[in-house]
1. Mind counting the residues in the range 248-268 that are touching a helix residue (DSSP H, G or I) at 6+ places or on another chain (Cβ under 8 Å), more than 24 Å from residue 166 (Cβ to Cβ) and in a loop (DSSP other than H, G, I, E, B)?
2. For residues that are in a loop (DSSP other than H, G, I, E, B) and either in contact (Cβ under 8 Å) with a residue 24 or more places away in the chain or within 24 Å of the chain's Cα centre (by Cα) (or both), tally how many sit in the range 87-97.
3. Are any residues in the range 229-241 crowded, with 17+ Cβ neighbours inside 10 Å and in a loop (DSSP other than H, G, I, E, B), and if so, which ones?
4. Quick one: which of 291, 247, 263 is in contact with a strand residue (DSSP E or B) (Cβ under 7 Å, 6 or more places away or on another chain), surrounded by 24 or more Cβ atoms within 10 Å (Cβ to Cβ), within 19 Å of residue 205 (Cα to Cα) and at pLDDT 95 or above?
5. Scan the range 119-144 for residues that are closer than 24 Å to residue 323 by Cα and either free of Cβ contacts under 8 Å to residues at least 12 places away in the same chain or under 14 Å from the mean Cα position of the chain (by Cα) (or both) and jot them down.
6. What is the residue count in the range 218-243 for residues that are touching a helix residue (DSSP H, G or I) at 6+ places or on another chain (Cβ under 9 Å) and closer than 18 Å to residue 140 by Cβ?
7. Regarding the range 200-217, can at least one residue be identified that is surrounded by fewer than 19 Cβ atoms within 10 Å (Cβ to Cβ), modelled with pLDDT of 95 or more and in contact with a helix residue (DSSP H, G or I) (Cβ under 7 Å, 6 or more places away or on another chain)?
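The values are calculated or read from the model by the stated rules, or taken from the named source; none is laboratory data. Source: prediction; values computed, not measured. When we count neighbours, we look across all protein chains shown, and the Cβ atoms used for this are built from the backbone with ideal geometry, even at glycine.
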């Protein structure tokens, strides 16, 4: 096929094409885009978790192998009902931030990234923000599918509120953690709990039906996530309706309230549609929602490029704004 064609349903069929690496992104970003596709986040190869266990553990080891500088502070572990919470306390927390906290939810397709990786994932946020961070090691399949993770999020938030006023708390999450953060905030609201001061949703896995345009247009373009996450989604959802807002917060009713939100994605992110659709729904409901889309960025980040520094600066600025320090 040498030209684009449409079928009777209106679907567009494209010829094979070459998508070059943009010359205007940073050299570090160019190198990241030139790397072979990652297999880490593509979920278990089948819907049978036990058969997929070696794949899962390989992904966890890959995540643990990412080099990080020693954390300049203390890390304590607490049990909150059925889950673990890592409390990351930077050595030098400014006086004005002593009464502030961030509840952080790690990524991993709802099936990876737990244990000590949950603590490691939050270290940069704690270090750069100078704020105490509580990173939730929420329960996951096979033994704890939905609703275990969202129940853990609610329990962790309640625990944080025993020490901090809700207006001094930001909830942040990446990928699956971003979807869980949004879903959890909806549940907090429905339970009558006070809302946090703000939410940071980084490439949120907010639509488990995977209905967004980006799942098609960025398939094979996103070097972090080649395909969708159908297998891990089915494991996590455990037979529940994927349109349930506590699973797919994109389908929630935001007119009933939601905190100011920062959403971050990239033009090569397969979750770009998740992010921009959620942004539009929040805006339509009259919620403050700030959207940051980075050129050529795949799902998550470039793993050390200047664009990642810019993204983190946006997040830190947002935290200071909603916590009254901007």
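1. 2
2. 3
3. Within the range 229-241, just 229 meets the criteria.
4. Values: 291 fails: surrounded by 24 or more Cβ atoms within 10 Å (Cβ to Cβ); 247 fails: in contact with a strand residue (DSSP E or B) (Cβ under 7 Å, 6 or more places away or on another chain).
Result: 263 is the single residue among 291, 247, 263 that is in contact with a strand residue (DSSP E or B) (Cβ under 7 Å, 6 or more places away or on another chain), surrounded by 24 or more Cβ atoms within 10 Å (Cβ to Cβ), within 19 Å of residue 205 (Cα to Cα) and at pLDDT 95 or above.
5. Result: 121, 122, 125, 135, 136.
6. 6
7. No.
Condition check ((1) modelled with pLDDT of 95 or more; (2) out of contact with any strand residue (DSSP E or B) (no Cβ under 7 Å at 6 or more places or on another chain); (3) crowded, with 22+ Cβ neighbours inside 10 Å; (4) within 25 Å of residue 165 (Cβ to Cβ)) across all residues:
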{"site": "92", "(1), (2), (3), (4)": "no, yes, no, yes"}
{"site": "96", "(1), (2), (3), (4)": "no, yes, no, yes"}
{"site": "99", "(1), (2), (3), (4)": "yes, yes, no, yes"}
{"site": "103", "(1), (2), (3), (4)": "yes, no, yes, yes"}
{"site": "108", "(1), (2), (3), (4)": "no, yes, yes, no"}
{"site": "115", "(1), (2), (3), (4)": "no, no, no, no"}
{"site": "120", "(1), (2), (3), (4)": "no, yes, no, no"}
{"site": "128", "(1), (2), (3), (4)": "no, yes, no, yes"}
{"site": "131", "(1), (2), (3), (4)": "yes, no, yes, yes"}
